[in-house]
Each structure stands twice: as C-alpha cells, then as structure tokens.
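Down below is the structure, laid out as structure tokens.
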Amino acid sequence: MNFDFSALLVFLTFSSGMIWLCHSLFFKKTASVEDISEADTTNTEQELKLPLVVEYAKSFFPVFLIVLILRSFIVEPFKIPSASMMPTLLIGDFILVNKFEYGLRLPVLHTKFIENETPARGDIVVFRYPEDPSIPFIKRIVGVPGDKIEYKDKILYVNGERVEQVDNGRYHARGAGISMDGISLRSELLPEEVTHDILVDDERMSQNVTAIVPDGHYFVLGDNRDNSKDSRFWGFVPDSNLMGKAFMIWMNWDGKNSGIIDFGRIGTMLQ
C-alpha cells in the first residue's frame with residue numbers, strides 16, 4: 001500500500017492548528033501591565049512562555065497550510081517511475097500537475113466542489129488507479145464519454161475513424177529506458193489535431209480491444225503502446241479518480257543508470 005502524503009498533510013495541518021487554537025482560547029495566560037510589578041516581571045515572562053508543543057504548532061501550522069493548499073488546489077509534483085509514457089515522459093522525469101484544470105476537489109475525500117474544464121482527447125492526466133486508488137497513474141486520454149474506441153493491430157480508431165500514424169524511424173533510447181532502443185517511433189494525430197509521439201514494438205502482439213466509453217469515464221493509453229498497462233487491460237478511468245493534468249517537466253534525474261541531470265528536459269511543456 002502506498003504512503004498517503006495528502007492524508008498526512010491534512011492531519012498535520014489540522015492538529016497543529018487545533019493545538020495553537022485551543023491554547024490561545026483556553027490555556028493562554030494573560031496579564032495586564034498594571035498587574036505586573038517590576039519584581040514579578042521575570043516570573044511572569046516565564047509563566048507566559050509557550051509550551052514547546054504549542055511553539056512548534058504555531059511555527060509549523062502556516063507552513064503545513066500553505067503546502068496543503070498548493071498541493072491540493074494549485075500544482076502537485078510527481079516523479080515518473082516507469083517507461084509506459086515514453087517517448088513523451090522518461091523514467092526519472094519530475095513533472096508538475098495542474099490540480100484545478102478539471103475542477104477543485106477536497107483532499108483525502110476527493111469530492112469535487114468547483115467545476116472547471118472538461119478533460120479532452122490528448123490530455124496527459126494523473127489519476128488514482130481504479131484497481132488500487134492509493135497508486136497514482138499517468139496516461140493519455142484517447143477516448144471521452146460516448147466515444148467508440150477500437151485498438152487493433154497497433155492502430156487506434158476513434159468513432160470508426162482510423163487515427164493517422166506517421167513512421168519516424170527507430171527510437172534511440174538511453175538511461176533507464178535503454179530497453180526501448182530500436183523500437184518504432186511514430187507520430188499520432190488524434191481527432192482534435194493533437195499530435196504526439198508514440199512507441200510501437202513490432203515484435204510484440206497487439207493488445208486489441210473494442211469499447212464504448214460510458215458517461216463520466218475516460219479511455220486512456222500509454223504512449224509506449226506495447227509497454228503500458230492501461231484501459232486495454234483494466235478498463236475506464238472514472239472522472240472521480242482524476243487528480244489533474246500534467247503540463248511541464250521541471251526536473252529530470254535518471255539515477256539508476258546515467259546518474260546525471262538532463263538539463264535539456266527541464267522546462268519542457270507537455271502535449
């Protein structure tokens with residue numbers, strides 16, 4: 001089971017805030033200047049000194065609150081652990097996810113309380129894995145509610161229309177993704193004229209599937225088509241599982257093999 005940082009952050013924010021609030025309302029000792037003699041000044045200052053736990057709560061509550069707001073409602077960082085979104089995202093990429101693109105949700109409860117944009121074909125989304133919501137997944141939306149999706153012989157069809165692919169030769173991989181070296185690199189043009197690169201392994205069998213996307217759900221694929229566990233295997237992503245839209249690579253560090261930072265990927269906008 002994965003560690004739930006959001007739940008921990010909510011707990012720390014709530015507990016530190018309550019400690020500070022309760023001390024301020026019920027336990028804080030006050031004294032007026034008139035009631036304090038010069039002889040008692042030292043003793044009074046010692047009495048008014050905050051307990052250590054309250055001191056820490058007062059200091060860290062604003063920090064916890066700011067981080068909670070940023071991660072829950074504005075932007076959240078993630079690290080790419082697998083090759084399923086190559087060549088768009090490499091192992092070791094650190095990405096930023098827009099948390100308000102698809103509406104605002106309460107942390108931990110995941111209840112949407114403000115609506116915003118509707119997810120579209122071509123969006124790269126982070127979501128809670130339907131079979132284990134504690135695990136965040138990242139894939140690309142290729143089917144929206146009402147779409148008929150067919151994936152056959154490594155070709156995608158949307159509502160009966162074949163999605164165009166352009167052969168760009170062989171992919172030159174490196175680092176932790178070196179096992180993908182030499183497989184087919186192609187460009188794919190989705191119906192909204194969203195062009196993105198995909199990888200296709202001609203030596204592996206095609207995972208064929210036909211499905212109609214139900215209301216409130218999305219069909220997602222990894223850009224590394226033959227090395228991705230996605231909607232072809234476990235079904236649709238409910239709208240309630242969406243966490244946000246990935247929009248930028250802010251760091252890359254492939255520590256497993258190269259052990260260096262790829263400065264050329266920093267600041268890359270995703271599409």
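Every read-out reported here was derived from the displayed coordinates using simple, explicitly stated rules and does not represent laboratory data. Every value quoted in this text rests on a predicted model; they were computed, and no experiment measured them. Cβ: placed from backbone, ideal geometry, glycine included. Neighbour counts: every protein chain shown.
Seen from D123, the other residues with C-beta closer than 13 Å to its C-beta sum to a net charge of -1, counting Lys and Arg as +1 and Asp and Glu as -1.
Between 0 and 90 degrees, the angle of helix 5-22 with respect to the longest Cα principal axis of the chain falls at about 20 degrees.
Exposure proxy shown here: for K154, K139, the number of other Cβ atoms within 10 Å sets the order, fewest to most, as K154, K139.
Roughly how tilted is helix 52-69, in degrees to the nearest 10 and between 0 and 90, from the longest Cα axis of the chain? Once rounded, the angle reads 30 degrees. Expressed per residue, the C-alpha convex hull volume of the chain stands at 173 Å³.
Projecting label points 7 angstrom from Cα along Cα→Cβ for K49 and A120 puts them 6.1 nm apart. Here the calculated FRET efficiency for F113 and F26, from their Cβ-Cβ distance with R0 = 30 Å, stands at 0.40, rounded to the nearest 0.05.
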